[in-house]
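Beneath this line is the structure, given in structure tokens, with notes to follow.
Where a number appears in this text, it was derived from the coordinates with a stated rule and is not lab data. Since we're looking at a predicted model, the values are computed, not measured. Please note: Cβ atoms are built from the backbone with ideal geometry, for glycine as well, and neighbour counts cover all protein chains shown.
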Amino acid sequence: MLGRAFCDNPAYRAILPHLSDEARAAAVRRVKRGFTDAAVRWQEAHGIWVDGRLAGASLVCAPGQYPHRMRAFLRQARGCGTTGWRGITNFLFTDAYITRRHIRGPHYYLFVLGIDPAYQRMGLGKAMLAALAERADTKGVPCYLETDKATSVALYRSAGYEVLTEEDVPRVLGMHMWTMQREARRARST
């Protein structure tokens, strides 16, 4: 499902420009499978279903789970490692960019939110963001994410996120990203 949600994603087009559309779609499926496997094992993976079918998923690091532990990072990297030297290099440049801009302190890190194309524009992404916000508000911590789509920036703004940075990713031609944060709405209970 996440492979379908991200097959035409601008970031993957920039990271994998050397692959045909078909090969890139297959690579994105492998990458998202590695991300999902790591989240299920060591982080958080949440789904939303419509009529018994998985329609969307979010992969999240809860407070204290980022930076990724080595086992999780290696599990995530498995799919990236199948994309050839150019893909691997671009993934490493992107990871370095993300790491340098990442906020510090306890927070929820939404590193993947994807809705199956057949279920987009039905409010499922907003519902998943609301569930994450509720968990973060309960703990009194912010939420953080990166995105590469202006339409996603609008979605995240509607869920209370503010843009921290907007810039091109150095050394990855054609890759533009926003980092965003949503502050906790309730104080941590004592």
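For this structure, a couple of remarks:
- Among the listed values [x] 19.8, 76; [y] 16.5, 50; [z] 15.9, 54, the one matching Rg and Dmax of the Cα atoms in Å as calculated from this structure is [z].
- Residues in region 134-148 carry Karplus couplings, in order, of 5, 5, 5, 5, 4, 8, x, 10, x, 10, 9, 7, 10, 9, 10 Hz; the curve used is 6.51 cos²θ - 1.76 cosθ + 1.60 with θ = phi - 60°, and Gly or Pro positions show x.
- Structure-based [θ]222 nm, the chain - -39500 (n - 2.57) summed over DSSP H runs of at least 4, per residue, nearest 500: -14500 deg cm²/dmol
- Note: relative contact order over region 1-129, using C-alpha pairs below 8 Å and six or more positions apart, is 32 percent.
- Note on ARG86 and GLU134: the extension gain reaches 13.3 nm, defined as 0.36 nm multiplied by sequence separation minus the Cα-Cα distance.
- Label-to-label distance for ARG157 and SER20 is 4.0 nm, based on points extended 7 Å past Cα in the beta-carbon direction.
- 5 angstrom amide H check on TYR108, placed H, neighbours 5+ away: CYS143, TYR144
- J(HN,Hα) series, region 102-112, from Karplus relation 6.51 cos²θ - 1.76 cosθ + 1.60, nearest Hz, glycine and proline x: 5, 5, 9, x, x, 6, 9, 10, 8, 9, 8
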